[in-house]
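Written below as structure tokens is the structure these notes are about.
The values are calculated or read from the model by the stated rules, or taken from the named source; none is laboratory data. These numbers come from a predicted model, not from an experiment. Cβ sites come from the backbone with ideal geometry, for glycine too, and all protein chains shown count toward neighbours.
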Amino acid sequence: MRSMVTKPLSRRGFLAALGGLATLPAFSGSTLAESLLSRQALEDVPLFVSAYKLENGDYGVGVVDDLGQVLARISLPGRGHGVAISPDRTRFVAFARRPGTFAVVVRPFQDVEPEVLTAEPGRHYYGHGCFSADGKLLYAVENDYAAARGVLGVYDMSGRQVQRIGEIETHGIGPHDLLLAPDGRTLVVANGGIMTHPDKGREKLNLDTMAPTVAFLDSETGDVHSSHALDASLHQLSLRHMALDGQGRAWVGGQFQGPETDLPPLVGVFSRDEAPLLTEIPTGIASGLQNYIGSVTANASGDVIATSAPRGGQTLFWKADTGAFLGAEAIADGCGVAPIDQGSFLISDGNGALSLVGDPTQPAEILARPPGISWDNHMFALS
Amino acid sequence: MRRLLFAVLAFGAVTVQPAFATDYEPKLDNLIETYIQPQTSAFAETTAKLPDAVRAVCSTADAASVETFKTAYSETVRDFAHVHFLRFGPLLDNDRLSRLAFLPDPRGITQRQIRKLLASEDKDALSAGTLKDKSVAVQGLTALELLAFDKNSAVRLGQEGKDKAFTCGYALAISENLAEMAAEIAEGWQDPDGYSAVLLTAEGGNERFHTSKEALESVFNVLVTGLIIARDQDVLPALGTGKDKAKATRFPFSRSGNSVVYLVGELRGVQEALGALDLMDLTPNDFVWIYNAVDFEFGNAVGLLEALQPPLRQSFEDGDAYDKVTVVAITLKSLRDTIALELAGALELAGGFNALDGD
């Protein structure tokens with residue numbers, strides 16, 4: 001597999017290397033030097049990572065700052081999706097979109113080539129993953145498609161080369177997003193419930209019988225602490241993307257596979273030992289969302305949750321402790337959402353814009369729109 | 001929308017499907033020949049006049065040279081507005097679009113960078129050859145506007161002062177850099193082996209597209225993005241959250257008094273480009289009404305904008321200017337919905353990267 005890669009940068013090298021970088025096509029759009037120079041504390045500049053598609057059809061993953069300026073672009077062998085960020089924030093892993101089989105380990109602040117991982121035979125990636133608390137292990141959400149069961153591939157990230165050392169069953173079909181709980185040991189996996197097989201592309205094979213769950217797994221033993229399903233009437237609500245709130249509960253966004261005319265709840269709150277709670281989206285908004293939540297993200301303190309609904313061109317905001325609906329922001333084709341700080345989110349969209357939302361009652365501020373880029377489904381805070 | 005989709009599905013169910021897929025190449029060919037090539041050529045010709053206009057006003061800043069510069073700048077902004085939304089091929093190559101105009105820039109990155117550049121009298125800013133390797137923000141029309149106009153939209157380029165020589169040298173480098181890029185874009189679109197070949201060899205598949213329909217969808221969606229930019233990026237920030245919080249300085253090219261020129265240019269541009277795709281004969285009869293509705297709404301939006309009194313920095317708080325622009329924003333939303341949902345639905349075109357193809 002070919003890894004098409006731009007030269008990675010040391011963080012300090014961002015500044016020092018600018019003269020050279022400006023001549024590289026991948027970086028020539030950057031206003032990096034000056035925009036960072038004008039700041040007081042370089043080390044505090046918030047950075048974000050998102051997969052993208054270029055107008056010429058190429059795919060990659062980009063690093064942007066909090067002014068929406070693209071600082072680095074790393075080409076990917078195919079369409080990317082989610083990104084796992086190491087606890088020390090020095091590296092990230094960009095996963096292929098399902099049913100892709102590559103994952104790329106990037107050390108954006110070191111002068112080293114990214115490492116390309118390839119899924120085991122009989123497995124493909126689902127597009128998400130996370131690191132262990134100590135950063136030594138990576139858990140990648142994978143499909144054991146012959147057995148139609150979800151697994152977490154376990155990768156040792158501590159050596160010179162990444163090695164797959166085992167796997168953990170997710171106890172469900174079609175797992176999608178994965179989080180590490182605040183205890184540092186429990187893994188939370190959203191088993192989306194939809195069976196697919198790479199021979200049939202992205203075709204959904206079991207919509208009548210799908211049974212999504214959110215499972216809490218012991219990362220050390222693989223045991224299931226608990227597994228929560230919704231009411232049988234909601235078995236076609238594929239539970240897919242998640243974020244942890246300040247209390248350690250998983251907020252989960254769903255995509256409904258049932259009749260288009262239904263308006264089921266789309267956002268729920270799951271915790272290990274309690275029954276799931278479902279939030280209510282005001283009807284006037286719910287009817288325009290096409291029953292589809294794209295990303296789920298918490299702000300820095302975990303007291304506000306953002307859930308994007310790209311098919312409705314809306315991002316919804318929730319008060320985490322009460323589950324109250326705080327409002328919605330209209331952003332066309334907006335899907336990626338990352339926290340900037342306690343009070344604001346950066347939202348990326350398929351039309352290339354990066355928008356700042358600090359208050360859902362005010363219009364979003366479009367910070368930048370790098371030409372030729374369509375931001376893909378998810379964005380993550382790198383620092 | 002849901003009802004409309006059902007209507008489209010029902011229509012599809014009773015229509016005899018053609019034996020072969022539609023070849024959209026003639027549509028793309030028409031767009032290139034009757035819109036993109038003439039408009040990028042016009043942009044190149046207009047921009048080519050900028051360097052002489054800068055030289056003249058920097059040599060003797062009299063009423064005639066000031067007026068000539070203002071006209072040259074304004075016409076360049078107008079012709080840029082006719083092409084900036086063509087965010088594919090030659091406008092993207094070598095980062096040309098960002099280098100032509102650094103937009104949006106709500107946090108004033110350009111101003112900060114230019115201030116530093118002026119303070120250090122950075123010699124690399126004095127020739128187009130070295131300027132083009134600097135930050136994209138200091139290279140284009142938006143940088144030239146900051147240099148050449150004061151806050152009240154008067155031309156200050158060429159005025160006597162200690163930094164006149166450097167500012168004039170830098171402005172000349174920008175104008176030459178702009179002229180070079182505009183010429184490259186026009187040449188790129190004239191080149192039969194350039195991006196037009198990518199669009200026109202899509203049927204049957206090429207390295208970029210699987211079908212000519214996919215190529216048409218990419219172009220169609222770029223035009224929709226143009227409307228999103230016009231409303232969300234160019235109009236809404238100036239409207240703010242209410243009349244008392246309006247910010248005319250947030251209109252693009254407000255400093256030079258060219259906001260109306262730019263907004264009208266991009267709306268007329270998207271309208272004409274859409275017209276040049278000539279999709280009427282592919283549109284089911286039930287949806288042919290869309291074309292008249294769209295032209296009517298474009299006409300309304302442009303009429304409202306042309307009734308404003310530039311420069312908007314001075315007039316936006318007067319009379320009903322704010323209300324007019326509010327109606328423009330509503331009209332642009334309606335246009336976007338009509339084109340992106342109803343027309344795209346009627347033509348069975350796919351749109352919306354995340355909306356269409358999430359996971």
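Quick notes
- Taking the criterion of being within 7 Å of another protein chain (Cβ to nearest Cβ) and part of a strand (DSSP E or B), the residues of the range A:350-367 that qualify are A:365, A:366, A:367.
- Test result for residue B:111, part of a helix (DSSP H, G or I), over 30 Å from residue B:221 (Cα atoms) and in contact (Cβ under 8 Å) with a residue 24 or more places away in the chain: yes
- Residue in the range B:211-231 that is away from chain A (no Cβ under 11 Å) and not in a helix (DSSP H, G or I) present: yes
- Comparison of A:237, A:217 shows that the only residue that is hydrophobic (A, V, I, L, M, F, W, C) and either within 22 Å of residue A:305 (Cβ to Cβ) or surrounded by fewer than 22 Cβ atoms within 10 Å (Cβ to Cβ) (or both) is A:237.
- If you check B:131, B:118, B:103, B:144 for being over 17 Å from residue B:186 (Cβ atoms) and away from chain A (no Cβ under 14 Å), only one passes: B:144.
- Put simply, of A:57, A:100, A:62, A:80 the only residue that is free of Cβ contacts under 8 Å to residues at least 60 places away in the same chain, of a type outside the set (Val, Ile, Thr) and under 21 Å from residue A:351 (Cα atoms) is A:57.
- Criterion: touching a residue at least 40 places away in the same chain (Cβ under 8 Å), away from chain A (no Cβ under 14 Å) and either over 30 Å from residue A:99 (Cα atoms) or more than 18 Å from the chain's Cα centre (by Cα) (or both) - qualifying residue of B:319, B:269, B:352, B:299: B:269
- Considering residues of the range A:368-383 that are small (Gly, Ala, Ser) and assigned to a loop (DSSP other than H, G, I, E, B) only, the residue nearest to the other protein chains (Cβ to nearest Cβ): A:372
- Answer residue from the range A:271-292, given it is surrounded by 11 or more Cβ atoms within 10 Å (Cβ to Cβ) and of a type in the set (Gly, Ala, Ser) and is farthest from residue A:308 (Cα to Cα) among those: A:271
- Which listed residue, of A:307, A:315, is farther than 17 Å from residue A:177 by Cβ, modelled with pLDDT of 95 or more and either out of contact with any strand residue (DSSP E or B) (no Cβ under 7 Å at 6 or more places or on another chain) or within 14 Å of chain B (Cβ to nearest Cβ) (or both): A:315
- In the range A:192-206, the residues that are more than 19 Å from residue A:170 (Cα to Cα) reach residues that are surrounded by 13 or more Cβ atoms within 10 Å (Cβ to Cβ) and basic (Lys, Arg) with C-beta atoms within less than 8 angstrom, at least six apart or across chains, in these pairs: A:202/A:98.
- Restricting the range B:97-108 to residues that are surrounded by fewer than 23 Cβ atoms within 10 Å (Cβ to Cβ) and among the charged types (D, E, K, R), the residue that is farthest from residue B:138 (Cα to Cα) is B:107.
- Selection status of residue A:383, surrounded by fewer than 24 Cβ atoms within 10 Å (Cβ to Cβ) and more than 16 Å from residue A:73 (Cα to Cα): yes
- Inside the range A:43-54, residues that are at pLDDT 95 or above and within 14 Å of another protein chain (Cβ to nearest Cβ) make up a count of 5.
- Residue satisfying all of: in the range A:330-349; aliphatic (A, V, I, L, M), in contact with a strand residue (DSSP E or B) (Cβ under 6 Å, 6 or more places away or on another chain) and not in a strand (DSSP E or B); surrounded by the fewest Cβ atoms within 10 Å (Cβ to Cβ) among these: A:340
- Boolean, residue B:167 is on the phi < 0 side of the Ramachandran plot, buried (at least 17 other Cβ atoms within 10 Å of the Cβ) and either without any contact (Cβ under 8 Å) to a residue 24 or more places away in the chain or of a type outside the set (A, V, I, L, M, F, W, C) (or both): yes
- Taken as a whole, the range B:236-243 holds at least one residue that is part of a helix (DSSP H, G or I) and either free of Cβ contacts under 8 Å to residues at least 60 places away in the same chain or surrounded by fewer than 17 Cβ atoms within 10 Å (Cβ to Cβ) (or both).
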